[in-house]
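The values are calculated or read from the model by the stated rules, or taken from the named source; none is laboratory data. Note that the structure is predicted; figures quoted are calculated from it, not measured. When we count neighbours, we look across all protein chains shown, and the Cβ atoms used for this are built from the backbone with ideal geometry, even at glycine. To get the accessible areas, we keep the full protein, side chains included, count just its heavy atoms, and leave off ligands, DNA and RNA. Shrake-Rupley method; radii C 1.70, N 1.55, O 1.52, S 1.80 Å.
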Amino acid sequence: MSDLIKKMNDQFNFELSSGYIYLAMAAHMKDQDMDGFAHFMSKQAEEEYEHAMKFYNFLFEIGEKAEYAEIEKPKSDYASFKEVFETAYEHEKVVSQRIRDLYKQAQEENNYEVLEFLGWFIDEQVEEEDTFRGILTRLERIGESWNGLYIFDRELAARQ
């Protein structure tokens, strides 16, 4: 197995782990009776599992095998809603860097199939970081005001 394929497998597992992290965040929010926030994070988890499956399917399409790794237990308690989204935003920045690193390696190896595949993820990560940055801006403006949080909770519940 080439180093690039090993790293693709690592990213497959990282995407699964990301979903696990977002589900733990959803559980924390649900425990706070904030169903809209919980819904948003549950949808985020679903999206991460879809990303993992893209890696899974691609690996098989190029004649490789998806290898599973152990998933670490995620953090499950946070001091504030802002902390949850700060953590999520920082996590998405890590995902972005990992994708860029994969892309760079694929460029160095002239692996055009992997480059084409990763292009979608590059675009997706721009969107992910923008979403979390926007939510953080809103949370900073709301502060810890329960009135504002309840209104925002209702908005986040509308995520498709």
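For the reader, a short list of remarks on this structure follows.
- Annotation for the stretch 63-107 versus the stretch 111-151: alpha-carbon center distance of 13 Å.
- Assigned charges on the beta-carbon of Lys, Arg, Asp, Glu; the chain dipole about Cα centre (debye): 300
- For the chain: relative contact order, % (alpha-carbon pairs under 8 angstrom, 6 or more apart): 30
- 13 Å reach of a label modelled at ARG154, 7 Å along Cα-to-Cβ, counting backbone N of the stretch 34-63: 36
- By average C-beta atoms within 10 angstrom, highest first, the peptides 118-127, 25-34, 87-96: 25-34, 87-96, 118-127
- Cα lying deepest toward the dipole's positive end in the chain, options LEU115, ILE142, SER17, charges on Cβ: ILE142
- For the stretch 51-128: relative contact order, % (alpha-carbon pairs under 8 angstrom, 6 or more apart): 23
- Residue-averaged 222 nm ellipticity for the chain, from DSSP H runs of 4+ at -39500 (n - 2.57), nearest 500: -28000 deg cm²/dmol
- Once the Cα atoms are used to define both axes, helix 35-61 deviates from the longest principal axis of the chain by about 0 degrees.
- Residue-normalised accessible area of the stretch 72-137, expressed per residue, 1.4 Å probe, Å²: 56
- Taking the longest Cα principal axis of the chain as reference, the axis of helix 81-108 is set at about 10 degrees.
- Degrees, to the nearest 10: 112-142 long Cα axis against longest axis of the chain: 10
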